[in-house]
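> Handing you a structure now.
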Amino acid sequence: MKLFVDTGNLKEIEALASLGIVDGVTTNPSLLAKETGDYREILKQICRTVQGPVSAEVVATDTAGMLREGRDLASIDEHIVVKVPFTKDGVRACKTLASEGHRVNVTLIFSATQAWLAAKVGAAFVSPFVGRLDDVGTTGMNLVREIVEIFDNFEYSTEVLVASVRNPIHVIEAARMGADVVTCPPAVYDACFNHPLTDLGLERFLKDWKQAQDAKQVKS
Ligand code: E4P
């Protein structure tokens, strides 16, 4: 399963990429709005850093505008994946952009039929938002299971990109279900890394080692 970072912050991306575990990045208008500077330059630097798929989202809501913005975003760097929302205009834009050879991530997926329709028009990725479904009292990961099953049944090459991830349980379930990609905010990376028993264990090893060295020094 590929692991993406869900942020528009270059420093966060650089820190995680230096661990050698980042395969790509997802951004959205809310995330990029938090950053200062020219968004095209930010996206260019993100692409340079990760050398993998970087989703950049259109903000137009009509097909013509999405096509204009999508082509412009794709011209920033070969790693850019154009992100379009799942609407009728977005589906039309996805079909055209995909036919031109651009990779498209269809976002804001909340049902299996939406994912299936996006796959039919050549989406490279679909992004089911699991956390936001959990927020409204639905089990978001059930949607991922359905989409993976449907794509497997018909051998769609569209990748299932699990988005709106809030905790390590989402990550583990995504992997167990056979999702292609999970995109995590930096806080979820931290939660996946940290375990108090690792910290305690290391502290104990180092303490035992130091005590033994000190004792040897006293004897000699
Ligand atoms: C995905 O590409 C989106 O950027 C993201 O996962 C949205 O998640 P949120 O629900 O935490 O905003």
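> How many residues, within the stretch 161-187, are more than 13 Å from the ligand (Cβ to nearest atom) and out of contact with any strand residue (DSSP E or B) (no Cβ under 6 Å at 6 or more places or on another chain)?
Residues in the stretch 161-187 being more than 13 Å from the ligand (Cβ to nearest atom) and out of contact with any strand residue (DSSP E or B) (no Cβ under 6 Å at 6 or more places or on another chain): 8 in total.
> Against the definition (assigned to a loop (DSSP other than H, G, I, E, B) and open to solvent by less than 60 Å² (accessible area, probe 1.4 Å)), how does Ala179 come out, yes or no? Give the steps one after another, and end with the answer.
Details: assigned to a loop (DSSP other than H, G, I, E, B): yes; open to solvent by less than 60 Å² (accessible area, probe 1.4 Å): yes.
Considered against the rule, which asks whether it is assigned to a loop (DSSP other than H, G, I, E, B) and open to solvent by less than 60 Å² (accessible area, probe 1.4 Å), Ala179 comes out as yes.
> Just name the residue that is least open to solvent (accessible area, probe 1.4 Å) out of those in the stretch 100-111 that are closer than 16 Å to Asp180 by Cα and away from the ligand (no atom under 11 Å from the Cβ).
Going residue by residue through the stretch 100-111, those that are closer than 16 Å to Asp180 by Cα are 103-107, 109.
Remaining after also requiring away from the ligand (no atom under 11 Å from the Cβ): 103-104.
Values: Arg103: 91, Val104: 0 Å².
Result: Val104.
> Restrict the check to the stretch 122-131 and report whether at least one residue is touching a Pro at 6+ places or on another chain (Cβ under 9 Å), aromatic (Phe, Trp, Tyr) and open to solvent by 70 Å² or more (accessible area, probe 1.4 Å).
So the first thing to find is which residues in the stretch 122-131 are touching a Pro at 6+ places or on another chain (Cβ under 9 Å), and the list is 124-125.
Going one step further and asking which of them are aromatic (Phe, Trp, Tyr), we end up with 125.
Filter once more, keeping what is open to solvent by 70 Å² or more (accessible area, probe 1.4 Å): none.
No, because not a single residue in the stretch 122-131 is touching a Pro at 6+ places or on another chain (Cβ under 9 Å), aromatic (Phe, Trp, Tyr) and open to solvent by 70 Å² or more (accessible area, probe 1.4 Å).
> Something else about it: Which members of the stretch 29-56 meet the condition of being of a type in the set (D, E, K, R) and within 17 Å of Pro185 (Cα to Cα)? Reasoning before the result, please.
Quick first cut of the stretch 29-56, residues of a type in the set (D, E, K, R) only: 34-35, 38, 40-41, 44, 48.
Those that are of a type in the set (D, E, K, R) and within 17 Å of Pro185 (Cα to Cα): Lys34, Glu35.
The values are calculated or read from the model by the stated rules, or taken from the named source; none is laboratory data. The structure presented is a predicted model; accordingly, all values stated were derived computationally and were not measured. Cβ atoms come from the backbone with ideal geometry, glycine included; neighbour counts cover every protein chain shown. Surface accessibility is based on the protein's heavy atoms, side chains included, excluding ligands, DNA and RNA. Shrake-Rupley method; radii C 1.70, N 1.55, O 1.52, S 1.80 Å.
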